[in-house]
1. Could you work out [θ]222 nm for the chain from helices alone, using -39500 (n - 2.57) per DSSP H run of at least four and dividing by all its residues? Round to the nearest 500 deg cm²/dmol.
2. If you take every residue apart from ARG129 with its C-beta less than 13 Å away from the C-beta of ARG129, what net charge results, scoring Lys and Arg +1 and Asp and Glu -1?
3. By count of other Cβ within 10 Å, fewest leading, how are ARG42, ARG196, ARG122 ordered?
4. What do the square roots of 5 times the Cα gyration tensor eigenvalues come to for segment 59-209, in whole Å, largest first, as semi-axes of the equivalent ellipsoid?
5. For segment 102-144, what does the convex hull of the Cα positions come to per residue, in cubic angstrom?
6. Give me the net charge for the shell around ALA32: Cβ to Cβ below 15 angstrom, other residues only, Lys and Arg +1, Asp and Glu -1.
7. Could you grab the relative contact order for segment 114-175? Cα pairs under 8 Å, six or more apart, rounded to a whole percent.
8. Search the structure for amide H atoms under 5 Å from the amide H of LEU173, placed 1.01 Å from N in the peptide plane, and list their residues when 5 or more places away or on another chain.
Amino acid sequence: MSLERAGIGMTSARTRDRLVQRLMDQGIQSHAVLEQIRNVPRHLFVDEALASRAYEDTALPIGHAQTISQPFIVARMTEALLSGFTGASILEIGTGCGYQTAVLSPLVKQIYSVERIPEMLRKTRQRLRDLDIYNVQFRPGDGWQGWSKYAPYDGIIVAAAAVELPEKLLEQLAPGGRLIIPVGPPGRQDLTMVTRMNDHFEQVSLGAVRFVPLVAGKL
Ligand code: SAH
């Protein structure tokens, strides 16, 4: 099932256009990213009961006390991640239902994705396969550790909030590479972009956000 076919019927093109327009109004500029928000059938990443709300710009529950990220945040993070380089290999922490993964997939060469809840990962793996997405390798595990096997990465994107910058993720960043991560306690998180320079890291804030916590340790 291709992305386009999967999306037909469930929601009108107009509903998706409205979402894309809203993200443009909020400052998303990358055409590639906006095209992906339009193309990816977000209703297939949530429960059927919530499908009619899939093209609203809100986070929605996906079970296991987790949420699918708000489209604006996915767009913002993806745009920030890709603005620095011609994206080759990306590490994603917090696969969840795989929406961010699907948005990113055609824009980069290879994604390595780590999720803490194996049960969720099993379903997500199948969902992305059904959507003909093949350039992703998955691993159940603790994102605080990154995934050293395929390091270094040109970009790392984290979909859950860390109380501090994870040391291992900084180590696994290639020179010139970028880490996009919400940092801070619940209610006071800052979307942070860290760029690895030759001999130091540069850090800028992209604004306040609200994410589920990046849980420490094994499930
Ligand atoms: N990327 C998803 C959002 C997932 S919500 C989307 O596109 O909508 C955040 C995810 O991070 C959850 O699935 C949660 O289980 C996972 N997570 C939390 N702590 C983690 C950790 N330490 N390592 C890996 N995944 C973690």
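Values quoted throughout were computed directly from the atomic coordinates according to the rules given, and no laboratory measurement underlies them. Bear in mind the structure is a predicted one, so any value in this text is a computation, not a measurement. Using ideal geometry, Cβ is built from the backbone for each residue, glycine included, and neighbour counts are taken over all protein chains shown.
1. Dividing the helical sum by the residues of the chain leaves -8000 deg cm²/dmol.
2. Neighbourhood net charge equals +2.
3. Fewest-to-most ranking of ARG42, ARG196, ARG122: ARG122, ARG196, ARG42.
4. Sorted largest first and rounded, they come to 22, 18, 14 Å.
5. It comes to 67 Å³ per residue, whole-number rounded.
6. +1
7. Relative contact order of segment 114-175: 36 percent.
8. Amide H neighbours of LEU173, under 5 Å, 5+ apart: TYR153.
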